[in-house]
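Presented below is the structure to which this report refers.
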Amino acid sequence: MVLTSTQPFEANDEEMRLFQQLFKQHIGMHLPASKKALLCSRLSKRLVALELDSFRDYYEMIAAPSAEAERQRAIDLITTNETYFFREPRHFDFLKQHVLPVASPQETLKIWSAASSTGEEAYSIAMLLDHERSNAPWEIFASDISQRVLSFARRGVYPMTRGEHIPPAYLKRYCLRGSGEYTGQFMVERTLRSRVQFAQRNLTDLPERVGQFDVIFLRNVIIYFDMQTKTEVLTNVCRQLKPGGWLFVGHSESLHGMALKLQMHSPSIYQRPHP
């Protein structure tokens, strides 16, 4: 089979079902049949690189227990979505106006960016905390299932287009404009990068205790799960939320129909009540 840049491999319905089962098994992801074109476009290059003839060949390769590295690569390709700094700004406004003013200046404020992707969300939170809470302790833990995007996040180098929504004062204080080969990019300054801890976590298979957090950002990820998996993920994540703590989900996401110990403050903003 000859593959060109405009002719990706095509998966048939049976091959699509195999990949749906695989992603469901390993990361709890619900990959609807309507996403077949996305699967083909994102994985075709791997078939070319590995000199495989079909998606079934690739499935059989990554389904093998010994193929963890290549399976992770496929997961990375399917789950990685472009994001940007200060996405869904109402959450950052709420954090600044309602959470930080009542947080104890003596106690460490702990925030978890639970689906941090390439790091823009975590660094946005860090800029806000450093600016608004410079004389009080804080920590940010950021996690994702993809080691590849975590490596990108730790590096902290982004195209300028990703930073279009960074407030000008923050852009000047926390971002270094690239030159030469880095023209058109910027780097998050080193001190701020050092304040964010990145680690791999699978939201469908979390440890008993990740930590206890005052705020958890779980945005634009549960849309990829079916209802049962959404409920399991939210239940496990909320165990890591302190009483009185806040949970932010994506504006397009709903917790309707889930029996969770949360009170909705406004759409996409929830609080775990005190006992």
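The values are calculated or read from the model by the stated rules, or taken from the named source; none is laboratory data. Note that the structure is a prediction, hence the values are computed from the model and not measured. Here Cβ is always computed from backbone atoms with ideal geometry, including for glycine, and neighbour counts include all displayed protein chains.
Restricting the search to segment 261-275, which residues are in contact (Cβ under 8 Å) with a residue 24 or more places away in the chain, not polar (S, T, N, Q) and not in a strand (DSSP E or B)?
262, 272, 273, 274, 275
Looking at 59, 84, can you tell me which residue is over 20 Å from the mean Cα position of the chain (by Cα) and aromatic (Phe, Trp, Tyr)?
Details: 84 fails: over 20 Å from the mean Cα position of the chain (by Cα).
Going through 59, 84 in turn, the sole match is 59.
Mind checking which residues of segment 222-260 are of a type in the set (D, E, K, R) and not in a strand (DSSP E or B)?
If the condition is that a residue be of a type in the set (D, E, K, R) and not in a strand (DSSP E or B), then 226, 230, 232, 239, 253 are the ones that fit.
Applying the selection to segment 143-195, what residues are within 15 Å of residue 124 (Cα to Cα) and among the aromatic types (Phe, Trp, Tyr)?
If the condition is that a residue be within 15 Å of residue 124 (Cα to Cα) and among the aromatic types (Phe, Trp, Tyr), then 158, 170, 174, 186 are the ones that fit.
Show me the helices (runs of 4 or more DSSP H) entirely contained within segment 7-95 in which 2 or more residues are at pLDDT 90 or above, surrounded by fewer than 19 Cβ atoms within 10 Å (Cβ to Cβ) and in contact with a strand residue (DSSP E or B) (Cβ under 9 Å, 6 or more places away or on another chain).
Working: elements: 13-27, 36-49, 55-63, 68-79, 89-94.
Hits in segment 7-95: 89-94.
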